[in-house]
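The values are calculated or read from the model by the stated rules, or taken from the named source; none is laboratory data. Please read these numbers as outputs of a predicted model, since none were measured by experiment. Please note: Cβ atoms are built from the backbone with ideal geometry, for glycine as well, and neighbour counts cover all protein chains shown.
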């Protein structure tokens, strides 16, 4: 089964040879639509948009919005950042459909956390695609879309928590202090990771100091440690031969840790400045491993759901299931408000900057 999943995940990777076709695709666009401008060097865009060791492939600012939408088919240094998550969505939906057919699924209280996990996964992928596709329009757009990207990350974290708690946790863990505080803690740390990333993005300017990375990584690390705790407990207390889902849970942890590595450090582009501008820089690899993590999670949670669905309501109670799931849109709303409030502060700063420039 894992070999089949890995084979399907290969669709996330664009064939490098096919990237040569991307600059020619805009020629197929009707003349009535604007055509994206050629990419430029890092020195030709503001410092805000410059990524370490990425020397070319930047899209000029202030083009028509449609140019950035059409840049989906243009070769630039964000192309694979967009396509890795754009292709991951259909992969998730195909695996969802396959699991529904193979394992069965009915939409009720017991399956609601599984549904919300899928919704959270598609949400973070959609917001990530939007951010990487449209952020080059202006400084205002850059901040706004990445703030919303942080909302997607927080929602995904909580969606994972719901799935892990209701389908993968053991009684001994649930009766522990961590288990008793898990759901409110997961919601709080989800919001905190969004708030921390928004603060770091708005507070610090390039070249970014270490404090920015700390503000981003500490809340998200705490959120992940809590979210994954029922899985880690289960991996060390349950026989892997009895539960095949544990192999997928182990794969999702390995994929996430690799994604965190490439998110935290600019590798391999640090060692090959300019050679990884279009293909192979760390953020692209981060996207691939994070997408793999999500697919492995889906496989594991579907197997856990199929094994426990008849007892979920009895074990947790229908009221707890509904309250936990109602908190999902509440968290989304809180994170969105946090992003918008931070955006309001940034907008005032940008307006003051424009006034000084005049």
Yes or no: residue 111 assigned to a helix (DSSP H, G or I) and free of Cβ contacts under 8 Å to residues at least 24 places away in the same chain?
no
Output the number of the condition that residue 309 fails; it satisfies all remaining conditions of (1) more than 19 Å from the chain's Cα centre (by Cα); (2) surrounded by 15 or more Cβ atoms within 10 Å (Cβ to Cβ); (3) under 24 Å from residue 260 (Cα atoms).
(3)
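Taking the stated definitions as given, is residue 97 part of a helix (DSSP H, G or I) and buried (at least 20 other Cβ atoms within 10 Å of the Cβ)?
Working: part of a helix (DSSP H, G or I): yes; buried (at least 20 other Cβ atoms within 10 Å of the Cβ): no.
The answer is no for residue 97.
Collect the residues in the stretch 49-78 that are under 22 Å from residue 270 (Cβ atoms), surrounded by fewer than 16 Cβ atoms within 10 Å (Cβ to Cβ) and either in contact with a strand residue (DSSP E or B) (Cβ under 6 Å, 6 or more places away or on another chain) or at pLDDT 95 or above (or both), keeping them in residue-number order. Before the answer, list the steps.
Of the stretch 49-78, the ones under 22 Å from residue 270 (Cβ atoms) are 49-58, 76-78.
Filter once more, keeping what is surrounded by fewer than 16 Cβ atoms within 10 Å (Cβ to Cβ): 52, 56.
Matches in the stretch 49-78: 56 only.
Any residue at all in the stretch 265-273 that is within 22 Å of residue 157 (Cβ to Cβ), at pLDDT 95 or above and either in contact with a helix residue (DSSP H, G or I) (Cβ under 7 Å, 6 or more places away or on another chain) or surrounded by fewer than 21 Cβ atoms within 10 Å (Cβ to Cβ) (or both)? Walk me through how you get there before you give the answer.
First, the residues of the stretch 265-273 that are within 22 Å of residue 157 (Cβ to Cβ): 265.
Okay, now just the ones that are also at pLDDT 95 or above, so none.
Scanning the stretch 265-273, I find no residue that is within 22 Å of residue 157 (Cβ to Cβ), at pLDDT 95 or above and either in contact with a helix residue (DSSP H, G or I) (Cβ under 7 Å, 6 or more places away or on another chain) or surrounded by fewer than 21 Cβ atoms within 10 Å (Cβ to Cβ) (or both), so the answer is no.
A quick yes/no check of all residues on (1) in contact with a helix residue (DSSP H, G or I) (Cβ under 6 Å, 6 or more places away or on another chain); (2) surrounded by 14 or more Cβ atoms within 10 Å (Cβ to Cβ); (3) within 21 Å of residue 187 (Cα to Cα); (4) at pLDDT below 95:
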site: 204; (1), (2), (3), (4): yes, yes, no, yes
site: 214; (1), (2), (3), (4): no, no, yes, yes
site: 224; (1), (2), (3), (4): no, yes, yes, no
site: 233; (1), (2), (3), (4): yes, yes, yes, no
site: 242; (1), (2), (3), (4): no, no, no, yes
site: 250; (1), (2), (3), (4): no, yes, no, no
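May I ask you to list the residues in the stretch 71-91 that are assigned to a helix (DSSP H, G or I) and more than 14 Å from residue 294 (Cβ to Cβ)? Can you show your working first?
To start, the set of residues in the stretch 71-91 that are assigned to a helix (DSSP H, G or I) comprises 71-73, 79-91.
If the condition is that a residue be assigned to a helix (DSSP H, G or I) and more than 14 Å from residue 294 (Cβ to Cβ), then 71, 72, 73, 79, 80, 81, 82, 83 are the ones that fit.
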Does the stretch 18-39 include one or more residues that are modelled with pLDDT under 80, surrounded by fewer than 18 Cβ atoms within 10 Å (Cβ to Cβ), within 30 Å of residue 298 (Cβ to Cβ) and out of contact with any helix residue (DSSP H, G or I) (no Cβ under 9 Å at 6 or more places or on another chain)?
yes
Which condition from (1) free of Cβ contacts under 8 Å to residues at least 60 places away in the same chain; (2) out of contact with any helix residue (DSSP H, G or I) (no Cβ under 7 Å at 6 or more places or on another chain); (3) farther than 17 Å from residue 139 by Cβ is the one that residue 77 breaks?
(1)
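Every residue, every condition in (1) over 18 Å from the mean Cα position of the chain (by Cα); (2) in a helix (DSSP H, G or I); (3) without any contact (Cβ under 8 Å) to a residue 40 or more places away in the chain, yes or no:
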| site | (1), (2), (3) |
| --- | --- |
| 259 | no, yes, yes |
| 269 | yes, no, no |
| 283 | no, yes, no |
| 289 | no, yes, yes |
| 305 | yes, yes, no |
| 320 | yes, yes, yes |
| 325 | yes, yes, no |
| 328 | no, yes, no |
| 335 | no, yes, no |
Failed condition for residue 81, given (1) surrounded by fewer than 22 Cβ atoms within 10 Å (Cβ to Cβ); (2) in contact with a strand residue (DSSP E or B) (Cβ under 8 Å, 6 or more places away or on another chain), with all others met?
(2)
